[in-house]
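First comes the structure, then the notes that go with it.
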Amino acid sequence: MRSRIVYTPESELDDSYSGWETIKRVAPYLWPKNRVWLRVRVVLAMTALVLAKVATALTPLFFIAAVDALTPEKASGSVGWLLGVSAVGLVVGYGLMRLATVGFNQLRDALFARVAQRALRVLARETFEHIHALSLRYHLQRKTGGLSRIIERGVKGVEFLLRFMLFSIGPLVLELLFVGVALVWLFDVRYLGVVAVTIFLYVIFTFKVTEWRVNIRRQQNKADTEANQKAIDSLLNFETVKYFSAEERESARYDRSMRAYQKAAIKTTYSLGFLNFGQSLLITTGLVIVMIMAATGVENGTLTVGEFVGVNTYMIQLVMPLNFLGSVYREIRQALVDMGQMFALLGQPPEIIDKPDAPALSVTGGEVRFNNVDFSYEENRQILHRLNLRVGPGETIAVVGPSGSGKSTIGRLLFRFYDVTSGALTIDGQDVRDVTQKSLRAQIGVVPQDTVLFNDTVGYNIAYGRENATQKDVEEAAKAAQIHDFIMSLPKGYDTQVGERGLKLSGGEKQRVGIARTLLKNPPILLLDEATSALDSETEQGILDSLRAMGHGRSVITIAHRLSTVVDADKIVVLENGHIVEEGTHGALLAKNGRYANMWHRQRADMADA
């Protein structure tokens, strides 16, 4: 027996995929397989990036030459090779270099945009598909608000990483190399030494402080996730909040999470101020030292005025991206944290997987068999015990029993939301574990106790039963479910919005939409899971008529609490504590005067008292 998978809650997903592991996970999206043109775009974008930095490094040379050309002494200095050009020509050259810098940068962005956006789309889709592939066990314990926040931040993190790591950190390193070469060539190695020490201290300080700030940001993220989760949870349960006059309680619960967020956000702001001041102190100190050295050189006659101005220009060129480095590094670290959580989510394994080369389910008659099935959700709490149940082709079997007896578990096993612990569940002799999940679920229709609808139109929700269904198909299914006339009475007919989870419709109307949706699917096997238990008696009777018509010619498993809804079943199975304690027709079970008969008489008495 396979050991059960233990899923990590969203709030506890760590960032173990951060750093180089995360970068390695993202890299294939930047160099996509079998996408030659996209790879060409990456190469062209990198070429444009290098050309932009070359233009950036050359720009101060024209400025130095222009200043020297305009000085009375006409000093040649280290850029004398440019002095054959007029001052006006040098200024034009300076402008062209600046324009080239901007032009190549914009070309780089334009070339890379398609690659980056495709990477985002593919990664977002993979995450979405993976979440749908996770088992029901995961989705029963998930927190939708926290999950959506992790996906949102993770995808944004990828976008930021692609944009800034490639186009900020990489270009910054390239620019530092070019400026270093320029400083040695124009001046001497001492200038490069001061700049190198300044940059070294700046980077160390920035990284150390930023790592501290990332830990604060983690706390801020956690509080943000919890606050968002509580807000969504409260809004989804709007009516429950109103029933218990719990608005203030919910507000206080939300505020507690927001207070934690506020505390972390204030720490973030304070630490940012410390980071910015420290960076400014280091850069300004380095700039002043270099300017003093250059000013001394001008006084000694070893440097020209243009070179003095040029030193300042190069230093400013370095200061601007370095000032940016602190925030970029922090955002990159945060992006890695966010992406690490998303990749940790992608690392959550699916519990139910198809066997390699599993065939599609072939339904010939629709016979369903539970053969000595044991099942438990948890190790020490067994739900079903040696269950033997057969549903013949075209037969209707009802499963009844008290709450917690295992009735709904039968439906979950039938859809293979879980695998049986031992024994086998077969359809027309094929073990459901040996066929593909998609083909299995395509052959089974369900009408649940509470039909949940998408926040879309009535027509969309019915058409969901079969992909590419025509309007005529939808209307025929609605007529069979006896809801067509109601839909046509609505102002927008089939284009009427049903609201979130279908809340704009009554319980009976939602059930009929669910029936129409399943009729459109036209499955050979049908599961009715407490399909009328939430309805009033008058509405229930109409729905029952539709369900009986729907079950004609299909193999039907009806899970019911109200015994009056299953009196016409071919066989009724009484389940108690995971064991079948009685089975037979309604009449035969009443004649036995056993467990079923007691349940029947008790329910009749309750109805009479009501």
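The values are calculated or read from the model by the stated rules, or taken from the named source; none is laboratory data. Small disclaimer: the values here were computed from a predicted structure and weren't measured. Note that we place each Cβ from the backbone using ideal geometry, even for glycine, and neighbour counts take in every protein chain shown. All accessible areas refer to the heavy atoms of the entire protein, side chains included, with ligands and DNA or RNA removed. Shrake-Rupley method; radii C 1.70, N 1.55, O 1.52, S 1.80 Å.
5 Å is the cut-off here: which amide hydrogens, built 1.01 Å from N in the peptide plane, fall below it relative to Y377, excluding neighbours closer than 5 in sequence?
Residues meeting the criterion, in which the H sits 1.01 Å from N, are I383.
Give the Debye-formula value of log10 I(q)/I(0) at each listed q (0.22 Å⁻¹), with one equal scatterer per alpha carbon of segment 467-590, two decimals each.
-1.36
Between segment 92-108 and segment 341-400, how far is it from one alpha carbon centroid to the other, in angstrom?
65
Spelling out what I want: for every residue of segment 383-397, take phi, set θ = phi - 60°, compute 6.51 cos²θ - 1.76 cosθ + 1.60 (Karplus), and round to whole Hz; glycine and proline get x.
These are the phi-based 3J(HN,Hα) values: 9, 10, 10, 6, 6, 10, 8, 10, 10, x, x, x, 9, 10, 10 Hz.
Rounded to whole Å, give me the distance from the Cα center of segment 437-492 to that of segment 180-216.
Centre-to-centre distance over Cα atoms comes out at 65 Å.
Compute the relative contact order of segment 255-359 as a whole-number percentage, counting only Cα pairs closer than 8 Å that sit 6 or more residues apart in sequence.
Here the relative contact order equals 21 percent.
How much solvent-accessible surface does K222 expose, in Å² to the nearest 10, with a 1.4 Å probe and all protein chains in place?
110
At a probe size of 1.4 Å, how large is the accessible area of R41, to the nearest 10 Å²?
Estimated to the nearest 10 Å², R41 gives 40 Å².
Give me the aspartates and glutamates in straight-line cross-link reach of K222: C-alpha distance below 20 Å, same-chain residues under 8 apart excluded.
Here the aspartates and glutamates satisfying the reach criterion relative to K222 are E10, E12, D14, D15, E152, E211, D233, E250, D255, E331, D338.
For segment 350-495, what D do you get in µm² per second when you plug the Kirkwood radius from alpha-carbon pairs into Stokes-Einstein at 4 °C and 1.567 mPa s?
73
Taking all pairs of distinct Cα atoms, average 1/r, flip it, and tell me the Kirkwood hydrodynamic radius of segment 408-452 in Å to one decimal place.
One over the average 1/r among Cα pairs gives 11.3 Å for segment 408-452.
List the residues, sorted by chain then number, that are 5 or more residues from G423 or on another chain and whose placed amide H is less than 5 Å from its amide H.
Sorted by chain and number, the residues that satisfy this are D374.
Rounded to the nearest 0.05, what FRET efficiency do V189 and N455 have when you use their Cβ-Cβ distance and R0 = 60 Å?
0.35
Cross-link list K208/K267; K156/K267; K230/K267; K156/K208; K438/K521; K33/K355: which exceed 19 angstrom alpha carbon to alpha carbon?
K156/K267; K230/K267; K156/K208; K33/K355
For segment 369-438, take every pair of Cα atoms, bin their distances at 5 Å starting from 0, and report each bin as a whole percent.
With 5 Å bins starting at 0, P(r) equals 4, 15, 28, 27, 18, 7, 2, 0.
Over segment 418-509, what portion of Cα pair distances is larger than 20 Å, expressed as a whole percent?
For segment 418-509, the fraction of Cα-Cα distances above 20 Å is 47 percent.
Restricting attention to the alpha-carbon atoms of the chain, what are Rg (one decimal) and Dmax (integer), both in Å?
Just the Cα atoms of the chain yield Rg and Dmax of 35.3, 123 Å.
At a 1.4 Å probe, what is the % contribution of carbon and sulfur to the accessible area of segment 174-217?
Percent of accessible area from carbon and sulfur atoms in segment 174-217: 78.
N577 to T269: FRET efficiency via 1/(1 + (r/R0)^6), r the Cβ-Cβ distance, R0 45 Å, to the nearest 0.05?
E(calc), rounded to 0.05, equals 0.15.
Please give, to one decimal in nm, the separation of the simple spin-label points placed at F200 and L70, each 7 Å out from Cα toward the Cβ.
Spacing of the two 7 Å Cα→Cβ label points: 3.8 nm.
Going Cα to Cα from K571, which lysines come in below 24 Å? Please leave out same-chain ones fewer than 8 positions away.
Correct list for K571: K407, K592.
Using a probe radius of 1.4 Å on heavy atoms only, what accessible surface per residue do you get for segment 316-437? Whole Å² is fine.
38
What figure in square angstrom, to the nearest 10, would you give for the accessible area of F62 with a 1.4 Å probe?
40
Order M339, M293 by their accessible area, 1.4 angstrom probe, all chains in place, largest first.
The ordering from most to least exposed comes out as M293, M339.
Calculate, for segment 238-295, the solvent-accessible area per residue in square angstrom, rolling a 1.4 angstrom probe over the heavy atoms of the protein chains.
Per residue, segment 238-295 has 69 Å² of solvent-accessible surface.
Can you work out ³J(HN,Hα) from phi for every residue in segment 231-240, in order, using Karplus 6.51 cos²θ - 1.76 cosθ + 1.60 and θ = phi - 60°, giving whole Hz and x for Gly and Pro?
5, 5, 4, 5, 5, 5, 9, 3, 5, 4
Find the relative contact order for the chain and round it to a whole percent, using C-alpha pairs within less than 8 Å whose residues are 6+ positions apart.
15
Provide the per-residue ³J(HN,Hα) series for segment 434-446, in order, calculated from phi with Karplus coefficients 6.51, -1.76, 1.60 and θ = phi - 60°, each as a whole number of Hz, with x at glycine and proline positions.
Working through the residues one at a time gives 9, 10, 6, 4, 4, 5, 4, 6, 5, 9, 10, x, 9 Hz.
Can you tell me the relative contact order of segment 465-610? Whole percent, Cα pairs under 8 Å, sequence separation 6 or more.
It rounds to 17 percent for segment 465-610.
Looking at the chain, send over the antiparallel percent of its DSSP beta bridges, to the nearest 5.
Around 55 percent of the beta bridges assigned by DSSP in the chain are antiparallel ones.
Leaving ligands, DNA and RNA out of it, report the carbon-plus-sulfur percent of the accessible area of segment 566-609 at a 1.4 Å probe.
Within segment 566-609, the accessible surface is 47 percent carbon and sulfur.
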